[in-house]
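Here the structure comes first, spelled out in structure tokens, and everything after it is commentary.
The values are calculated or read from the model by the stated rules, or taken from the named source; none is laboratory data. The structure displayed is predicted, hence computed values, not measured ones. With ideal geometry, Cβ positions are generated from the backbone for all residues, glycine too; neighbour counts draw on all protein chains shown. Accessible surface is based on the protein model in full, side chains and every heavy atom, while ligands, DNA and RNA are left aside. Shrake-Rupley method; radii C 1.70, N 1.55, O 1.52, S 1.80 Å.
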Amino acid sequence: QVQLVESGGGLVQAGDSLRLSCAASGLSFSTYAVAWSRQAPGKEPEFVAAISWSGSTTNYLDSRRFTISRDNAKNTVYLQMNSLKPEDTAVYYCSATRYLASRNRDEYDYWGQGTQVTVSS
């Protein structure tokens, strides 16, 4: 059974940093691209970042503040978020695909349950 478990969310102030983690099990993690997306209340889901299976290719909504990385030995992908803004408040989800590190949510096969990030002003 494939599981993706997000962690690291919380309540922070504007300007703070957070690092989210996505721990995977039940799949050959090192062969999957992984993405982070988010959904704020009342809004459509939004792509945040993606990383290829090797880590050599990344794709970002905002590369100035967010950094995605992975440790295949730990079956974990990270999202480092700096200079957080209130508009970053959302539930953050990780997802996995055997294909490219795409921005298209439809291309991802497995999803986690999400972790809440709340940024106060």
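For the reader, a short list of remarks on this structure follows.
- Portion, in percent, of the accessible area of the chain that falls on carbon or sulfur, probe 1.4 Å: 44
- Taking other residues whose beta carbon is less than 11 angstrom from the beta carbon of Ser121, and scoring Lys, Arg as +1 and Asp, Glu as -1, yields 0.
- Rg ratio (alpha-carbon, reference 2.2 N^0.38 Å) - the range 73-121: 1.35
- The average projected area of the range 13-73, computed from the convex hull of its Cα atoms over all directions, is 5.4 nm².
- Take 100-110, 70-80 and order them by the average number of nearby Cβ atoms within 10 Å per residue, most first; the result is 70-80, 100-110.
- Hz values of 3J(HN,Hα) by residue in the range 94-102 - Karplus curve (6.51, -1.76, 1.60), Gly and Pro given as x: 10, 8, 9, 9, 7, 9, 6, 6, 8
- Dipole magnitude (debye, nearest 20) for the chain, charges at Cβ of Lys, Arg, Asp, Glu: 200
- When the P(r) is computed for the chain, the part past 22 Å accounts for 25% of the Cα-Cα pairs.
- Think of a 1.4 Å ball rolled over the protein heavy atoms: the chain then has 52 Å² of accessible area per residue.
- In this structure, the amide hydrogen of Tyr108, modeled 1.01 Å from its nitrogen in the peptide plane, lies closer than 5 angstrom to no residue at least 5 positions away or on a different chain.
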